[in-house]
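Report on the following structure.
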Amino acid sequence: MHERYRKILTQPGGNLAKMDEVYGDVNEVTVGALSQAEVGTILPLAFQCVHSPNRETSEAGFNFLIGVMIRLDSAKLLAPYIDELGKLLDEKDNSRRQLVFLILGSLNPKPPEKAIEYLKASLENTRNSNEEALAIAACLLRAAPTDAPTVHRVLAFVSAHPDAVLTNGVIRQLGLSRIRLPEAVNFISTNLDQEDEGFRASAVDAASRLDKETRAQISSQLKRIASDPKESQYVRQQATEAVKP
């Protein structure tokens, strides 16, 4: 695979499909099979590709980074490149900012503190699209589910930037991350009473993923939704399951 990326850099814009035939595909399986030493020799080449003005070459670099991100040792492998990833966020017209946020927030077994700081610093950037803002918020909640200041910061941001995609995504992430902090439970509770059906559905989904003790705090709302004929059958069923002992 090292030879593949060396060839890509010496022949920018080359036929990557042809390289797949010669050197093999770059994917979760092939990158996961590499030793840490092998990954270490390829990463500098992959980052050179990422910075290329040639779209195909840049995508080849990102493909390798995605493969590394999924590995269980990705935090160790990419720790020396956190600042490099951070710089990508500031590049003008970088169409892959959302992916960079995802990489920073998805390193295993947990993102380095420096990666989290980049996410926090980027949360309120007015340059972010709603999708990018959601990626940052979800990564922060996933990385720090028990950290009250981080959860507060995310929820305060969402409350100040009303957008259906952002709000629904964050509500669901509260459930996926099984966040039990009072502010998070209150946020879910508030959205169980929203007039917007989408927000209610997201809140029911989030509530259904919480532990029994936490669900009990909002059981009356869930019971109301479970028995409301105006709700969709799927939402009623989710609410019913959520209030079962």
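The values are calculated or read from the model by the stated rules, or taken from the named source; none is laboratory data. Predicted model only: the values in this text are computed from it and were never measured. A quick note on method: Cβ atoms are made from the backbone with ideal geometry, for glycine too, and the neighbour counts reach across all protein chains shown.
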Requested in this report: Answer yes or no as to whether PHE157 is among the aromatic types (Phe, Trp, Tyr), within 19 Å of PHE101 (Cβ to Cβ) and at pLDDT 95 or above.
Outcome: yes
Requested in this report: Determine which single condition ALA121 fails, assuming it passes every other condition in (1) in contact (Cβ under 8 Å) with a residue 12 or more places away in the chain; (2) under 24 Å from SER95 (Cα atoms); (3) aliphatic (A, V, I, L, M).
Outcome: (1)
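Tell me which residues, restricted to region 95-106, are surrounded by 15 or more Cβ atoms within 10 Å (Cβ to Cβ) and either more than 23 Å from GLN173 (Cβ to Cβ) or of a type in the set (Lys, Arg) (or both). Spell out how you get there, then give the answer.
Residues of region 95-106 surrounded by 15 or more Cβ atoms within 10 Å (Cβ to Cβ): 96-106.
Those that are surrounded by 15 or more Cβ atoms within 10 Å (Cβ to Cβ) and either more than 23 Å from GLN173 (Cβ to Cβ) or of a type in the set (Lys, Arg) (or both): ARG96, ARG97.
If you scan region 132-185, which residues turn out to be part of a helix (DSSP H, G or I), among the small types (Gly, Ala, Ser) and in contact with a Lys or Arg (Cβ under 6 Å, 6 or more places away or on another chain)?
First, pick out the residues of region 132-185 that are part of a helix (DSSP H, G or I): 132-143, 148-160, 164-176, 182-185.
So of that shortlist, the ones also among the small types (Gly, Ala, Ser) come out as 133, 135, 137-138, 143, 148, 156, 159-160, 164, 169, 175, 184.
GLY175 - this is the single residue of region 132-185 that is part of a helix (DSSP H, G or I), among the small types (Gly, Ala, Ser) and in contact with a Lys or Arg (Cβ under 6 Å, 6 or more places away or on another chain).
If you scan region 214-245, which residues turn out to be assigned to a helix (DSSP H, G or I), among the small types (Gly, Ala, Ser) and touching a residue at least 12 places away in the same chain (Cβ under 8 Å)? Even if it seems obvious, please write down each step before you answer.
Taking region 214-245 first, the residues assigned to a helix (DSSP H, G or I) are 214-216, 219-226, 233-242.
Subset that is among the small types (Gly, Ala, Ser): 216, 219-220, 226, 239, 242.
Within region 214-245, SER219, ALA226, ALA239, ALA242 meet the criteria.
Which one of SER220, SER189, SER202 is surrounded by 21 or more Cβ atoms within 10 Å (Cβ to Cβ) and of a type in the set (S, T, N, Q)? Write out each step before concluding.
Working: SER220 fails: surrounded by 21 or more Cβ atoms within 10 Å (Cβ to Cβ); SER189 fails: surrounded by 21 or more Cβ atoms within 10 Å (Cβ to Cβ).
Within the list SER220, SER189, SER202, the selection yields SER202.
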Requested in this report: Could you run through region 91-112 and say how many residues are of a type in the set (Gly, Ala, Ser) and under 16 Å from GLY61 (Cα atoms)?
Outcome: 1
